[in-house]
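As structure tokens, the structure follows; a few thoughts come after it.
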Amino acid sequence: DQPNPLHGTAILKYWLGGPDPLDYVSMYRNLGNPALNVPEHWHYVSFGLSDLYGDNRVHEFTGTDGPSGFGFELTFRLKRETGESAPPTWPAELMQGLARYVFQSENTFCSGDHVSWHSPLDNSESRIQHMLLTEDPQMQPVQTPFGVVTFLQIVGVCTEELHAAQQWNGQGILELLRTVPVAGGPWLITDMRRGETIFEIDPHLQERVDKGIETDGSNLSGVSAKCAWDDLSRPPDDDEDSRSICIGTQPRRLSGKDTEQIRETLRRGLEINSKPVLPPINSQRQNGLNHDRAPSRKDSLESESSAAIIPHELIRTRQLESVHLKFNQESGALIPLCLRGRLLHGRHFTYKSITGDTAITFVSTGVEGAFATEEHPYAAHGPWLQILLTEEFVERMLEDLEDLNSPEEFKLPKEYSWPEKKLKVSILPDAVFDNPLH
């Protein structure tokens, strides 16, 4: 009923060299539904993550049966303030920011995912500083001439709610938000003026989260992170260190098959009650050494630099005697979640470097398909490290890492060491990882 809504438009289209991947963001006035306790709000819909043209100018046209472009568009519902006659335009720039991430990394979003933003979404003093993603309650998937498009809605959340989603799962927190009208209600409408978390509004909700964590563990199977690892059992400049192998002038990167396995690992981690299995490394080979899989959009944490530079078959899996793990503070703060919420529940957890050339996967003894074993708990396949931790050692690590739960009292750098296990963990400033020589 609104054939001419307000549009935010990219002045110079992305396919002409402009910086904004979304051609348009449409802004509708939604009257809500008083019977369902849904307030009046502004409804934003992106245009550009899916294929708008079908002529390969932005997205490869892959037919009508598969996903259109990345297969989804973003939506956002913002509570309308009293007296507001036009929708605020800042959500359009927020959507452009998320779209730039998707286009640059080719990582797509799924319902239940979270986005750590660390800043009020509208650049105010609001407590709403992060996002969860879920299916839009009104907009069903649509079949277009260029493929299928689903609609993922951005939901603004507080830091405490983000942490709960990480420690438990995004879908669980979204369900709780739906039960609290001021925090979203049934259509998960974001109110930037909300000053209380759902746990402050209803303290009983924290009990539900705690019980969910204890019963289900965490559904967060991996994150993009600032991380690195060193093999302490040989000198760092050892020529046999496969992380230092070069062909021409390019450093070794994660192979296509490694990233395919990591992608499958992370995707399976989002499936509730899925078996903790790491997919096999040796997937069927495509034509040519460097084409490990048919071209397709990446649908988990994978980056441009992860193309195979050394044929996957030439990389041997190495057992390491001693390793040193390095994380920035934000990544390090997730280690207790990894241990308590994942490994103690027989699962796995992956840190994938945002530079694309390193990955660290923690596995428990119940995970099948890992190349780390109880006999050789530290194993590397090129720059991908796997660490197998027994339940007994996990419990001990949780005790020793307890201060990671209080980041405000944290002074960097911080080091933890378990000499008898030949394992060292360092929490380092961001600048260490931002240095390209690191």
Amide H contacts under 5 Å for ARG80, restricted to residues at least 5 apart in sequence or on another chain and with H modeled in the peptide plane, are HIS41, TRP42
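Enter the mean projected area of the convex hull around the alpha-carbon atoms of region 24-137, in nm², rounded to one decimal.
8.8 nm²
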Selection from PHE103, TYR44, SER119 lying farthest towards where the dipole of region 6-216 points positive, charges on Cβ
TYR44
Looking at region 110-207, which GluC sites (Glu not before Pro) are in a loop (DSSP not H, G, I, E or B) and have at most 16 other Cβ atoms within 10 Å?
GLU125, GLU196
Based on Cβ point charges of +1 for Lys and Arg and -1 for Asp and Glu, what charge dipole magnitude is obtained for region 324-414 about its Cα centre, in debye rounded to the nearest 20?
340 debye
Surpassing 20 Å at the alpha-carbon level, of the pairs LYS226/LYS421; LYS13/LYS226; LYS326/LYS411; LYS226/LYS424; LYS326/LYS352; LYS211/LYS352, are LYS226/LYS421; LYS13/LYS226; LYS211/LYS352
Expressed as a whole number of Å, what is the distance separating the alpha-carbon centroids of region 109-155 and region 1-50?
13 Å
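Please compute one quarter of the surface area of the Cα convex hull for region 6-216 and express it in square nanometres.
In nm², the orientation-averaged hull projection of region 6-216 is 12.5.
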Those chymotrypsin sites (Phe, Trp or Tyr not before Pro) in region 23-114 that DSSP places in a loop and that have at most 15 other beta carbons within 10 Å
TYR53
Percent of accessible area on region 6-216 owned by carbon and sulfur, 1.4 Å probe?
53 percent
Note down the magnitude of the dipole of region 89-206 about its Cα centre, charges +1 on Lys and Arg C-beta and -1 on Asp and Glu C-beta and zero elsewhere, to the nearest 20 debye.
160 debye
Stokes-Einstein translational diffusion, region 344-423 - Kirkwood Rh over all Cα pairs, 1.567 mPa s, 4 °C, in µm²/s:
92 µm²/s
accessible surface per residue for region 6-216, probe 1.4 Å, DNA/RNA/ligands not counted, whole Å² -> 45 Å²
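With the radius of gyration and the Kirkwood radius both derived from the Cα set of region 104-226, what is their ratio Rg to Rh?
Here the Rg-to-Rh quotient is 0.98.
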Round to the nearest 10 and report in Å² the accessible area of SER221, as given by a 1.4 Å probe over the protein chains' heavy atoms.
10 Å²
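The values are calculated or read from the model by the stated rules, or taken from the named source; none is laboratory data. Quick caveat: nothing in here was measured; it's all calculated off a predicted structure. Cβ coordinates were reconstructed from backbone atoms using ideal geometry, including for glycine residues, and neighbour counts include every protein chain displayed. For accessibility, only protein heavy atoms count, side chains too; no ligands or nucleic acids. Shrake-Rupley method; radii C 1.70, N 1.55, O 1.52, S 1.80 Å.
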